[in-house]
Structure formats: structure tokens, C-alpha cells
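First the structure, in the form of C-alpha cells, and then the observations on it.
Every read-out reported here was derived from the displayed coordinates using simple, explicitly stated rules and does not represent laboratory data. Please read all numbers here as calculations on a predicted model, not as lab measurements. Positions of Cβ are generated from backbone atoms using ideal geometry, with glycine treated the same way; all protein chains shown enter the neighbour counts.
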Amino acid sequence: MKQTVQTVWLRWLTAISAVILLNACSSQPTHQAEQDLKKTKVGIMLSDVGLGDQSFSDAGFNGLAKARDEKRIIFDYRELQDTKTYEAGLEQLVQEDSQLVIGLGFAMKESMEKVAKKHPDRQFLLVDEKSELPNVASMTFKEEEGSYLAGVVAGLTTHTGNIGFLGGVDNALIHKFEAGFRQGIKAVNPEANLTTTYAGDFGKADLGMKLADEMIDKHDVDMIYTAAGFTGVGALQEAEKRKIHGIGVDTDQFFVAEKAVVTSMVKNVDVALNTAVKAFVDNQGHFKTKDMVFGIQEGGVGLAQIRAIQLSSGQMAAIEEQKQKLIKGSISVKTN
């Protein structure tokens, strides 16, 4: 009888434990779902190349991933290769009830404005361009300031006196990169020559390699600054193959060609997006400032760590001097 009672108790305890475990397992996802419902939902349409561009799209994605990891938002994304058009991708994000829809890149301004007009109750954020629509905020950068510092590095370290600039698309935005770069070179090396070329595409590494070869063979450049996305990655890799140096863009691109990349003009899209999204959440689904601008003073642009070459103390001091002048506003960098 004693053994029977013990057996009954054991079975009862086992059953109770199973029920408790089952309830715990079943309530966990429900609790998580409830928590997610309380978070702000953000959708982002990535730039043309999409994830893996080792530049703009990756930086934007990482900025939202950080906000998500800090448990501030949940987010989804779309790539052009899947949606075929920017408008379709932006519309999908709206239909999925994104409270904030982000367009990563100037090229989707027209598409975003079409979608924003259809959904005046929804908030949009356009990166690298401005819109007059009341429900479209903008985030732009002073690329000319970071490019100026890149030009200072190039002007101080060139041996041939011939430097190259490779732009992705020939438009006003990329002209800011070129203009700042040119001014930085001339500030420290007035005799240096700058050769510029525009690829017409941000996504063709092979084209970047070809254009880098042409600049090296025809103009004897020994330093190339690339503002050309994945096309620029190809140019940096060709620079390494040809044993010259390069300057990356948007993110620290040292790993792309470790023997060639001296530094990168870092456009902190990840930091800026993270900052903007937090402000949007804290302000209960609105932006206090419609047009946000990030320059060197705001930590929006700057230089990555110097590698691949050894700078003298004098060269390092010259770079720092130019940086401080930019921060204090004693240097005004032109954008064209």
C-alpha cells in the first residue's frame, strides 16, 4: 500500500511538472508577441546593390539591427532584387504596418514620394535626399567634410603626385565627395594632380577594376579614392594587385584590400540611423527635426583608422590640424 501511495504521488508530481513546463513553453512566445506589439515597427528599403555591398546598405541595416538589439524596435527590410522596383518595396513595408518606412538612398526619392502621398498618415525617412512632403523627413550628410580629410591623407602620402577619384554615378551627391577630396588634396599639396572618372554604376566590381587600371596606366596615379559602392570595391582590390594605395568609403573598407586601403571616408549611416530611430521612438512616432544633417561635428562623417602605410608624426599632426579646423568651422568646404 505504501509503495502504491508513493507511486501515485510520483505520477501526480510528474503530471503537475509537465503541465507547468507546457504552460511555460506555450506562454513564452505569447509573451514575446505581446512585447513585440508594444515596439515600434520600422521598415527599410535598401539601396540598389542591397545587403553584402560592404558599404551603404550594410551600414544602414546594421544601424537598425543595433536599435533592435537594444529592444527599441522590430524591423523588416526589402531589396531591389526581390521587389523589382523601389515603389513596390516601400509599399510592401507600409502594408506590413511599419510605423516608419526608410528609403536608403537618393535614387528612391520619386518612389518614396509616390507612396508617401498615398499614405499621409504614415511617417517616412529618406536618406541622402530631401523632400518637401510633410510626412517625409530627411537625413543627409556632409560628405564633403569627410572627403576633405581623405584628400588631406592622399595629398600627404602620394609619391607620384598623381591621385585618382572614382565616382559611382555622375550626380550632385557624388560631386560632393569629389569636391571635398580635391580641396583636401590642394590644402596640403597644391602641386598634386587629380584624375576623376565616373563609372555610371554602383554595383559592378569588374568595371571598378578596369577603371582603376586605366587611371594607373594612363595617369600614373598611386592613390585612388572610391565613392562608388561595390564598383569601388573592385577598384580597391585592383589597387592592391597593382601595388598602389586606395581610400574606401562609407564604412571601414580595410578588409577589402588590406595591403592597399590606407583609410576610408566613414559615413556613419549606422550611427545616424540608430540616433534618428531612437529619437522617433522617444518622440512617440514623430521626428522633432524634419531635415537632419550629420557632419563631422555631429559624428556623421570622418576617417577610419590609418593602416597600410606608416605616417610620420608630422603627417599625423597635419591631418589632426585640418580635422580640428573643420570641427571649429574655420574651414568651409565647397560642395561643387
Segment 87-146 -> Rg/Rh from Cα coords, Kirkwood Rh, value 1.00
Chymotrypsin sites (Phe, Trp or Tyr not before Pro) in segment 276-336 lying in a DSSP loop, each with at most 11 other Cβ atoms within 10 Å of its Cβ, come to none
If every Lys and Arg gets +1 and every Asp and Glu gets -1 at its Cβ, then about the Cα centre segment 290-336 yields a dipole, in debye to the nearest 20, of 80 debye
To the nearest 20 debye, the chain has a Cα-centred charge dipole, built from +1 on Lys and Arg Cβ and -1 on Asp and Glu Cβ, of 1060 debye
To the nearest 10 degrees, the tilt of helix 109-118 (Cα long axis) against the first principal axis of the alpha carbons of the chain is 30 degrees
With Cα coordinates, the longest principal axis of the chain makes an angle with the long axis of helix 172-188, in degrees rounded to 10, of 50 degrees
Rounded to the nearest 10 degrees, the helix 205-219 long axis (Cα) sits at an angle to the longest Cα principal axis of the chain of 20 degrees
Here the averaged projected area of the chain, based on the convex hull of its alpha-carbon atoms and given in nm², is 23.8 nm²
Expressed in nanometres to one decimal, the distance between label points 7 Å along Cα→Cβ at N336 and Q297 is 2.4 nm
Of all stretches in the chain that avoid trypsin sites (Lys or Arg not before Pro) placed in a DSSP loop and having at most 10 other Cβ atoms within 10 Å, the longest is 85-242
The residues T85, T275, T226, sorted from fewest to most surrounding Cβ atoms within 10 Å, come out as T85, T275, T226
Loop-resident GluC sites (Glu not before Pro) in segment 89-136 with no more than 15 other Cβ atoms inside 10 Å, DSSP not H/G/I/E/B, are E96, E132
Both in Å, the radius of gyration and Dmax of the C-alpha trace of segment 90-240 are 18.6, 57
Filtering GluC sites (Glu not before Pro) in segment 178-230 by DSSP loop and by at most 12 other Cβ atoms within 10 Å leaves E191
Rounded to the nearest 500, the 222 nm mean residue ellipticity computed for the chain from DSSP H runs (n ≥ 4, each -39500 (n - 2.57)) alone is -16000 deg cm²/dmol
Beyond 25 Å (Cα-Cα) in this structure, taken from K84/K142; K66/K267; K176/K325; K267/K334; K114/K176, we find K84/K142; K114/K176
